[in-house]
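Read-outs throughout are calculated quantities, based only on the coordinates presented, and are distinct from any laboratory measurement. These figures come from a predicted structure and were not determined experimentally. Cβ sites come from the backbone with ideal geometry, for glycine too, and all protein chains shown count toward neighbours.
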Amino acid sequence: MTRSQKLIASVLGIALTATGCGRKEVAEVPEPVAEAPAPAIAPAPTPVAVDRLDPAPDTRRILEERIHFAVDRSDLSPEARAILAAKVEILRSTPGLTVLIDGHADERGSDEYNLALSKRRAAEAKRFLVTQGIDVTRLESVGYGEEQPLDRTSGETAWAINRRAGFQVTGGAVSQR
């Protein structure tokens with residue numbers, strides 16, 4: 001090493017040592033704050049007899065989640081199958097539940113065609129649930145054609161929203177009362 005390299009190395013070593021050996025910082029301690037008195041604890045509510053409890057709100061959300069279809073199709077997409085599979089798990093674990101499946105179409109096509117297509121969509125969702133072991137007597141399907149759009153505007157976004165099958169719990173612990 002040359003003399004200048006040694007000098008630079010020594011200066012760097014001293015600088016690193018000096019910065020590493022600085023004094024410790026003392027953490028600031030905040031001033032103590034007077035606490036408000038704790039509120040009085042209310043007595044526990046008296047238990048009420050309940051003949052059945054509704055499953056968690058997520059259960060209803062899963063059961064009533066819609067599935068959507070491609071243009072002029074009634075076959076189930078992989079996403080629709082996954083949504084239906086989640087419903088199957090709940091329906092298996094809650095045998096008293098009954099469900100109405102309603103099929104819908106977008107505004108394109110004749111009234112007769114859209115009604116038939118919406119019925120096929122509802123029937124396809126029902127068929128999937130039945131093939132997964134759900135008793136057919138627990139499921140009802142109906143088609144509404146284009147008569148009950150979720151989005152009344154025209155355009156691909158609205159049409160995609162309206163090409164669907166909906167699910168309504170009609171009996172059992174999570175039915176509408």
Note down the relative contact order for the range 79-172 as a percent, whole number, built from C-alpha pairs under 8 angstrom at least six residues apart. 40
Run the dipole for the range 96-176 about the Cα centre, Lys and Arg Cβ at +1, Asp and Glu Cβ at -1, nothing else charged, and hand back the magnitude in debye, nearest 20. 300
Alpha-carbon Rg with Dmax, taken over the range 83-177, Å: 14.2, 41
